[in-house]
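Below is one structure, written out as structure tokens; comments come after it.
Please treat every number below as a calculation from the coordinates, not as lab data. In this text the structure is predicted, and so the values were computed from the model without any measurement. Because the Cβ atoms are built from the backbone with ideal geometry, glycine has one as well, and the counts that use them run over all protein chains shown.
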Amino acid sequence: MRLRNAVALTVGGWLAWRVLGPDLTPRFPHLQTNPLPIPGRTLFVGQHEMFVREAGDAGAPVLVLVHGWNLDGTMTFHRVVPSLAERYRVIVPDLRNHGKSDWVRGRVEVTDLADDLAGLLDAMDVSGATVLGYSMGGMVVQELAQRHPRHVGAMVLAATAAQPIPRVRPAARVAFWLGRSGLRLSNREVARVTGELLYRSAAIRPQHRLWMHQALLKRDPDLYYEIGAAVWRFDSRPWVGRLPQRTLIIIPTEDQVVPPESQYELANLMPDAELIEVSGGYHESILNRPGEYVAAISGFVG
């Protein structure tokens, strides 16, 4: 009885604070800055706006960086863009329901994200690019290569899979529903915990913690988990091995989000692809081991 009363009091106090209390912004000891102060722009794709940043020489080979679920383009790639922009024209879009692109209500599939990206590249007059997809972005790039091959001269598929959730699929679906419920109650705690985990893994520098926290707060729980459900349904195994584009697969060997066995399955389905392992790397290795990704991409693209 005492335990139940204590739990009820704790939950009730937290709900009262969420409804009545002030919105407190965490304070960090270092001077806080934006990690990638490069202005972007929006372009219309159909009836919706997509946001994109560009860096590098406009006449250099084109490299498109496609982010995954949860983090937008800048959040995912800010540690690699400055180095890559020394050699390439780097294009970093925000997919729908992420970052500064339009948030579109309703069911969405990975094919929709690929079609959006194709429309953006059409609007930018870009074709035959090297397109890198990270995590969910790798699924988008697979669909882009199949549905709109004119845009994809070569692919880099990093921390991704042909079927990202191969096991305990019903349990994963339930976890998505519970996660959405938690975000509906409050995203503040989730943003704080996520930012702290990224900082502790050296994925975020001390001076960028406030920027990351504020970016994480922007997530809409329903749209966020609609995208997650699209990932849950994704399965390119029947056709990915027939894609003709030259491909590099990068696998963080200790990935805790996309199972490494699923990533190796993708490599087995694409036997002509080049393979590079980020030994001991976790899912956030694009952020805390950026030099290895820059070297792998530059060695592949030339």
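Numbers for the structure displayed
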item	result
On Cα atoms only, tilt of 221-233 relative to the major axis of the chain in degrees	50 degrees
Candidates His48, His67, His283, ranked by Gaussian network fluctuation over the chain, Cα under 10 Å, top entry	His48
Using alpha-carbon coordinates, inclination of helix 169-185 to the longest axis of the chain, degrees	60 degrees
Burial ordering of Phe28, Phe51, fewest other beta-carbon atoms within 10 Å first	Phe28, Phe51
Ranking of Tyr293, Tyr282, Tyr264 by count of other Cβ atoms within 10 Å, fewest first	Tyr264, Tyr282, Tyr293
Relative contact order (%) - the chain, alpha-carbon pairs under 8 angstrom, separation at least six	19 percent
Highest-fluctuation residue, Val108, Val156, Val141 considered, GNM on the chain with Cα pairs under 10 Å	Val108
Nearest-ten-degree value, helix 110-123 long axis tilted from longest Cα axis of the chain	60 degrees
Read-out Cα extents along the principal axes in Å, derived from the coordinates shown; its label in (i) 64, 43, 42; (ii) 56, 54, 37; (iii) 66, 50, 37	(i)
GNM result for the chain, Cα springs below 10 Å: residue of Leu269, Leu216, Leu197 fluctuating most strongly	Leu197
